[in-house]
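Laboratory data are not the source of any read-out in this text; all were calculated from the coordinates shown. Computed from a predicted model, the values in this text were never measured in an experiment. As a convention, Cβ positions derive from the backbone with ideal geometry for all residues, glycine included, and neighbour counts pool all protein chains shown.
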Amino acid sequence: MPALVVDASFTVALVLPDEARPPASMVALLEKGGAVVPALWPIEVGNTLVMAERRRGIPAAALDRIAGKLAALPIAIDERPVMETWLAVIALATSHRLAVYDAAYLELAKRLRLPLATLDRDLRKAAKALDIPLLGV
């Protein structure tokens, strides 16, 4: 079983310049115990990387290196079919005033009873309300 759930904000902070870096203890836990993410994670992280290339002028070659670093991390995609969690995700999004993609990380952490690593303030607030352990700042 993985050690934690990581969201896109945590993930991109590991690799993009000018992002707030997650604490070393969180990175070590990820590298040692592995993490799990919802199926939307590669798309969300990929979109963030492409937007960084467009807005910040990060060269495409650098994005290839960054994507390679992320692919090497011990991150597994949740195997539960998305349609099995869809209603729970929407309920969490509405009850905690989150974007649906953020609620997907919350649902996963809640269902698997794993700590959540996120730098997103609203997601952290929702996790606290549900007594989901948080890692980091």
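Across the chain, the relative contact order, built from alpha-carbon pairs under 8 Å that are at least six residues apart, equals 32 percent. In terms of Cα atoms, the Rg and Dmax of the chain work out to 14.4, 41 Å.
A DSSP coil position with no more than 16 other Cβ atoms inside 10 Å describes the following GluC sites (Glu not before Pro) in the range 33-137: Glu79. Residues considered: Leu49, Leu116, Leu108. Largest GNM mean-square fluctuation over the chain, using C-alpha springs under 10 Å, is found at Leu49. For the chain, set up a Gaussian network in which alpha carbons nearer than 10 Å are linked by springs, and say which option among Ala60, Ala126, Ala93 fluctuates the most. Greatest mean-square fluctuation among the candidates belongs to Ala60.
Each Lys and Arg contributes +1 and each Asp and Glu -1, all at the Cβ; summed about the Cα centre of the chain, the dipole is approximately 280 debye. FRET efficiency for the pair Lys125 and Leu87, taken as 1/(1 + (r/R0)^6) with r the Cβ-Cβ distance and R0 = 22 Å, rounds to 0.50.
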